[in-house]
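J.: Dropping a structure here in structure tokens format, bear with me for questions.
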Amino acid sequence: YPMDPADAVDFRVLVARVTAHPWWVVASVVVFTALFSSAAFYLTPIYRATTVLIPAKSGNDLDSSGSGLGGIGGVASLVGINLDSGDSQTQEALAVLQSRQFTEKFIDDRHLMPILYAKLWDVRTGTWKATTKHPPTPARAYKYFDKKIRIILQDKKTGLISLNIDWKDRNAAADWANDLVIRLNQEMRRRVMARADSAVGYLEKDFDSTTAVATREAIGRLIEAQVKQRMLAAVTQEFAFRVIDRAMAPDSDDRHFPPRAAMIIAGPLIGLIFGVLCVLGYSALAEGNKTEK
């Protein structure tokens, strides 16, 4: 449909309204530039340390369908033996990494509560400040760490996993990232060995009570696989994830936040837009008042 001339925007009128109050626009640009520049230089810098990981082979070479186990596939699932691909094990490891239990233990072992909430901690007395009405709890620390500090990114195409730690101390950020990976591999090794021990104990009892030759052979293969899995977990340090690129402390000028250049550029642009909108809004109100009179 053709546009109604009455609805068309006359840019000459808009320009005239803006140029009628140039100092408003100039003042807005100056103020926003000063605010954004000050924030860019005075906000506490946050650094990002990144370690790049790739899922390690579990060593469990059992057929994914369990066809080689005869009719014992259901027993394997019952005792916790995973016959699926390594992807489920990778997802389990990532879930453990982000779990509350694992994270709270990491925070407790590293004594991070006073560091995460430094403004509430009295270094002299070694306790929370008397003015702190509600001292931080492990649950609160977990939420803070999980949402603000630890960021996990997974590339579906390459399978690479990036564990990012954002923190104001660049050396601590790298240290935490590397330590989390070490602890995760240790935890997954411990879990696999515990499951293997439990499964072998159950299967040995089932083996002794079974007389069918085919079933005994299938159970024997399951026991052998679990023993192999336990041995692999016992000797493999990078059991769940292999480190492709270890986290290193960023340079002092390599800040993740605030993005100084972007903020310095955004300041005058936002100021210009804000100033123009203020002038146009004022002109519209003034024109409306004249029309009413």
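J.: Rounded to the nearest 10 Å², what accessible area does residue 152 show when all protein chains are kept and the probe is 1.4 Å?
T.: 40 Å²
J.: How much accessible surface area, in Å² rounded to 10, belongs to the heavy atoms of residue 140 with a 1.4 Å probe?
T.: Approximately 100 Å² for this residue.
J.: At 7 Å along the Cα-to-beta-carbon direction for both residue 237 and residue 105, put a label point, then send me their distance in nm to one decimal.
T.: Going by the 7 Å Cα→Cβ label model, 2.0 nm.
J.: Report, in whole Å, the centroid distance computed from the Cα atoms of the stretch 159-179 and the stretch 100-114.
T.: 15 Å
J.: Report the one residue of 27, 247, 229 whose Cα lies farthest in the direction of the positive end of the charge dipole of the chain (charges on C-beta: Lys and Arg +1, Asp and Glu -1; origin at the Cα centre).
T.: Of 27, 247, 229, it is 27.
J.: Note down the accessible area of residue 187, probe 1.4 Å, to the nearest 10 Å².
T.: 40 Å²
J.: Counting only the backbone N, which residues of the stretch 268-291 are under 14 Å from the spot 7 Å out from the Cα of residue 39 toward its beta-carbon?
T.: Taking a point 7 Å out along Cα→Cβ of residue 39, the residues of the stretch 268-291 whose backbone N falls under 14 Å are 268-272, 274.
J.: Relative contact order for the chain: what is it in percent, counting Cα pairs under 8 Å that are at least 6 residues apart?
T.: 40 percent
J.: Over the alpha carbons of the stretch 97-170, what is the largest minus smallest coordinate on each principal axis, giving the biggest first in Å?
T.: Here the spans come out as 52, 25, 20 Å, largest first.
J.: Calculated from DSSP H runs of 4 or more alone, at -39500 (n - 2.57) each and per residue, what is the 222 nm mean residue ellipticity of the chain, nearest 500?
T.: For the chain, the value works out to -18500 deg cm²/dmol.
J.: Computed FRET efficiency, Cβ-Cβ of residue 23 and residue 261, R0 41 Å: what is it to the nearest 0.05?
T.: Computed FRET efficiency for residue 23 and residue 261: 0.90.
J.: Now for a separate question. Place a +1 charge on the Cβ of each Lys and Arg in the chain and a -1 charge on the Cβ of each Asp and Glu, then give the dipole magnitude about the Cα centre in debye, rounded to the nearest 20.
T.: Here the size comes out at about 940 debye.
J.: Can you work out the accessible area per residue across the chain, with the rest of the protein chains kept in place, probe 1.4 Å, in square angstrom?
T.: Counting only protein heavy atoms, the per-residue value for the chain is 62 Å².
J.: Can you send over the carbon and sulfur percentage of the accessible area for the chain, probe radius 1.4 Å, protein chains only?
T.: Answer for the chain: carbon and sulfur cover 59 percent of the accessible area.
J.: Also: From the Cα gyration tensor of the stretch 116-270, with a ≥ b ≥ c the square roots of its eigenvalues, which class applies: rounded if a/c is under 1.5, or else prolate if a/b is larger than b/c, or else oblate?
T.: prolate
J.: Taking the Cα centre of each part, how many Å lie between the stretch 265-280 and the stretch 124-145?
T.: So the separation of the two Cα centres works out to 41 Å.
J.: Full-extension gain between residue 191 and residue 154, please, as 0.36 nm times their residue separation minus the C-alpha to C-alpha distance.
T.: Roughly 11.0 nm would be gained on extension.
J.: Taking Cα atoms of the stretch 133-223, Rg/Rh with Kirkwood Rh, to two decimals?
T.: Rg divided by Rh gives 1.26.
J.: Using alpha carbons only, what's the Rg to Rh ratio of the chain with Rh from Kirkwood?
T.: My calculation puts Rg/Rh at 1.24.
J.: How do 125, 210 rank by accessible surface area computed with a 1.4 Å probe, from largest to smallest?
T.: 125, 210
J.: With only alpha-carbon atoms counted, please give the Rg and Dmax of the stretch 188-293, in Å.
T.: Over the stretch 188-293's Cα set, Rg and Dmax evaluate to 35.2, 105 Å.
J.: If 166, 253 are ordered by their accessible area, calculated over protein heavy atoms with a 1.4 Å probe, which sequence runs from highest to lowest?
T.: If we order 166, 253 from most to least accessible, we get 253, 166.
The values are calculated or read from the model by the stated rules, or taken from the named source; none is laboratory data. These numbers come from a predicted model, not from an experiment. Positions of Cβ are generated from backbone atoms using ideal geometry, with glycine treated the same way; all protein chains shown enter the neighbour counts. When the accessible area is computed, the model is the full protein with side chains, heavy atoms only, and any ligands, DNA or RNA have been set aside. Shrake-Rupley method; radii C 1.70, N 1.55, O 1.52, S 1.80 Å.
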